[in-house]
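For reference, the structure discussed in these notes is given below.
The values are calculated or read from the model by the stated rules, or taken from the named source; none is laboratory data. Values in this document were obtained by computation on a predicted structure and should not be read as measured data. With ideal geometry, Cβ positions are generated from the backbone for all residues, glycine too; neighbour counts draw on all protein chains shown.
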């Protein structure tokens, strides 16, 4: 009896979301009454995501800061710094392109413009002053009120403090982070049902024309990913190697990016990147540490996703975006990318943090998370491919710069 229901949670998540989109379209044109009442499924999914997001951000960032140990090896330090710098610069590139591109105004369900009136009238300095004061709110209250700026601040403080604790305490925090990620994974499995409700609600309230805006958003994101992959990555490679970077980059796209595109998980692509590192002659003492670390902190495309969707959300609400606020949002997006959950669409759960810098309350920004799952059929695959190919590419060019690739004496140095 439960077998038909269990089938909803098996197989490829992407395929199930595609089926949900098709079913929503069929229901809209054949049984409109179902579409009108399906909105509650989307609201339930959004509520689940909004409820878990504050604690997820808090615990994952603490765990990420505790794990952020680059060791004493100068090669590893150089690769880690490259990862972090590339993530920040990617966020800035994304913000610049989004702000100069024609704005995409999405229709959000049940949003009262009065909620964001203060943000419209504030100057950049006033916005920063308000956010600065909110950064030090009581952490418990911040969890209850979804004050992501305060959670970000306290997670940094606690993360640094826990670095001085015993390993057993750190292990408990790692387990808590893993357990929280597992709960998020369970919620994500409901994404097809949520997408069915969200998409049905969009069709009923805004019609089929709204799909064109989602298409524009996908095009904007993919275009930015390509700029990062085909222009920014080669520039980094040239700085390190002083030679044509494209042959090595294309090899990394083929051996790492394509598998990551289909797996949609940087963590699942770690064995692929480790094998690629061996083929490139990168010492195992470097790759065994840096490749798994890169899957967690080298998330250039994830930072781009957080930045683009946050700015698009603010533009959809008619909020004036000051360049100083946008720059701060880029820094926050890069930091959030370090703590993204390993589940598909993990970067989407970080959107409320960056969006809060523009004065967008969590109950509104959670709608952008839902839209992110809707467009994730394409977006998340490309994002993962760019992230994973960047991991192995940055590792290779830094190792080439220091001359340790294919160096049999390095392990004994």
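Details
- Segment 140-166 - residue that is outside any loop (DSSP other than H, G, I, E, B) and modelled with pLDDT of 85 or more and, of those, nearest to residue 363 (Cα to Cα): 140
- The set of residues in segment 250-286 that are crowded, with 22+ Cβ neighbours inside 10 Å and closer than 19 Å to residue 78 by Cα comprises 273, 277, 282, 286.
- Restricting segment 121-133 to residues that are within 25 Å of the chain's Cα centre (by Cα) and crowded, with 17+ Cβ neighbours inside 10 Å, the residue that is modelled with the highest pLDDT: 131
- Qualifying residue in segment 153-172 (condition: surrounded by 15 or more Cβ atoms within 10 Å (Cβ to Cβ) and either in contact with a strand residue (DSSP E or B) (Cβ under 8 Å, 6 or more places away or on another chain) or over 15 Å from residue 63 (Cα atoms) (or both)): no
- Yes/no for residue 18 being modelled with pLDDT of 80 or more and surrounded by fewer than 20 Cβ atoms within 10 Å (Cβ to Cβ): yes
- Here residue 358 fulfils each of the conditions (1) over 24 Å from residue 317 (Cβ atoms); (2) crowded, with 24+ Cβ neighbours inside 10 Å; (3) modelled with pLDDT under 85 apart from (1).
- Any chance residue 118 is modelled with pLDDT under 80 and crowded, with 17+ Cβ neighbours inside 10 Å: no
- Failed item, numbered, when residue 60 is tested on (1) more than 30 Å from residue 143 (Cα to Cα); (2) crowded, with 19+ Cβ neighbours inside 10 Å; (3) modelled with pLDDT under 85: (1)
- Selection of helices (runs of 4 or more DSSP H) fully inside segment 11-93 by the criterion of at least 1 residues being out of contact with any strand residue (DSSP E or B) (no Cβ under 6 Å at 6 or more places or on another chain) and within 21 Å of residue 301 (Cβ to Cβ) returns 13-30, 39-67.
- Residues located in segment 235-258, provided they are on the phi < 0 side of the Ramachandran plot and free of Cβ contacts under 8 Å to residues at least 40 places away in the same chain: 235, 238, 239, 243, 244, 246, 247, 250, 251, 254
- Every condition in (1) surrounded by fewer than 18 Cβ atoms within 10 Å (Cβ to Cβ); (2) modelled with pLDDT of 80 or more; (3) closer than 30 Å to residue 169 by Cβ; (4) touching a helix residue (DSSP H, G or I) at 6+ places or on another chain (Cβ under 9 Å) holds for residue 102 except the one numbered (3).
- Residue tally, condition under 21 Å from the mean Cα position of the chain (by Cα) and in contact (Cβ under 8 Å) with a residue 24 or more places away in the chain, over segment 150-171: 6
- Candidates are the residues of segment 190-215 that are at pLDDT 80 or above and loosely packed, with under 15 Cβ neighbours inside 10 Å; the one that is farthest from residue 36 (Cα to Cα) is 215.
- Of all residues making up segment 287-327, the number that are crowded, with 23+ Cβ neighbours inside 10 Å and part of a helix (DSSP H, G or I): 21
- Neighbours by Cβ (under 6 Å, 6+ apart or cross-chain): first from segment 80-96, within 17 Å of residue 64 (Cβ to Cβ); second surrounded by fewer than 24 Cβ atoms within 10 Å (Cβ to Cβ) and at pLDDT below 95: 80/70; 83/297
- Filter result for residue 79 (at pLDDT 75 or above and under 21 Å from residue 383 (Cα atoms)): yes
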